[in-house]
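J.: Once you've had a glance at the structure underneath, I'll fire off some questions.
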Amino acid sequence: MFSRPEDVLEAISDASMASDLGAFDVVPTQKELDAMLFEMSLNVDPSLAVLDSLLPTSSPKQPSLSPVLYDARGWSSYARVTDAILRIFMEDRQIARHNIWSLRHLLMLSLHAQDLIDLPTTSNSIFSIDALQAHNAVQDICSAVQQVTTYLMTSSFTDNEQWRSQTIDGILASKPVISATKLSTLSSFVADMAKSCQDTDSVMETRCLRIVLQHVLPDANKTEGEKWMLLARKLEKTGKWVKKIYERNLTIAFSAMDLYRHCGGYQARHAGYPQTR
């Protein structure tokens, strides 16, 4: 029985020479991987708030729907599957482009790996403390996911910048971004991430969204920025963590654009009030 993802991928590579079987053909589907994630508790240790001011200093722990089983290395089955996907993406960027939905799971993998490094005395839903016996392997996950994220968020659609406007328009209208073009693939991914955060208010989900927004907002124009700010304001009274993620990223991304001076006028126009002068 194989344990390490690299062993499984090597066996698949050997088998593919005699068949049309590809490495990505044997990984779980999006629905299956989402179900694996849903069954786990995505708790965040309050101690990590010392390192990240956006994390809660206290939160009730949610039990997993099924017990987490780790292998001899301290890796859960979810960790092994997502690490296999990461290795595939590092070898074949075309597969990565066509399966950008997987980025959500790679970010989950990376965040849990980094949390284990930052808090090595506590296991989490994806890694046990035994995983740190191979510290470099855990650290390599964080570096590799960062590379894949940067590639997918900045290199996939550089020939057409309309996807950012398409994304925020879809989120504000509470409508899915649907199109058969590759342009909308990235828009759909970001919009789905935002909707998931707004629906669940999961701290881990919002941490993933924060990383995504760090690649979306800096290149947005003023009009798009105003719309993102409007979204944050719509969530202001909910007290949700995702609202804090929006506001923090907008503050950083648009601090040099004097965006906040325009936000009041934008909100007034869309609320039916005359713009103040």
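J.: Excluding Val27 itself, what net charge comes from residues whose Cβ is under 11 Å from its Cβ, given Lys and Arg +1 and Asp and Glu -1?
T.: -1
J.: So, one more: Past the 23 Å Cα-Cα mark, which pairs from Lys31/Lys227; Lys31/Lys195; Lys31/Lys243; Lys31/Lys234?
T.: Among Lys31/Lys227; Lys31/Lys195; Lys31/Lys243; Lys31/Lys234, the Cα-Cα distance tops 23 Å for Lys31/Lys227; Lys31/Lys243; Lys31/Lys234.
J.: Sorted by average packing, counted as other Cβ atoms within 10 angstrom per residue and highest first, what order do 85-96, 202-213, 28-39 take?
T.: 202-213, 85-96, 28-39
J.: Something else now. How large is ³J(HN,Hα) for each residue in segment 200-206, as worked out from phi by the Karplus curve 6.51 cos²θ - 1.76 cosθ + 1.60 (θ = phi - 60°), to whole Hz, x for Gly and Pro?
T.: With the stated coefficients, segment 200-206 comes to 9, 6, 6, 4, 5, 5, 5 Hz.
J.: Determine by what factor the alpha-carbon radius of gyration of segment 62-150 differs from 2.2 N^0.38 Å, reporting the quotient.
T.: That works out to 1.07 for segment 62-150.
Rule-based calculations on the coordinates, nothing more; no lab input. Owing to the predicted nature of the structure, the values given are computational and were not obtained by experimental measurement. Note that each Cβ is placed from the backbone with ideal geometry, even for glycine, and that neighbours are counted across all protein chains shown.
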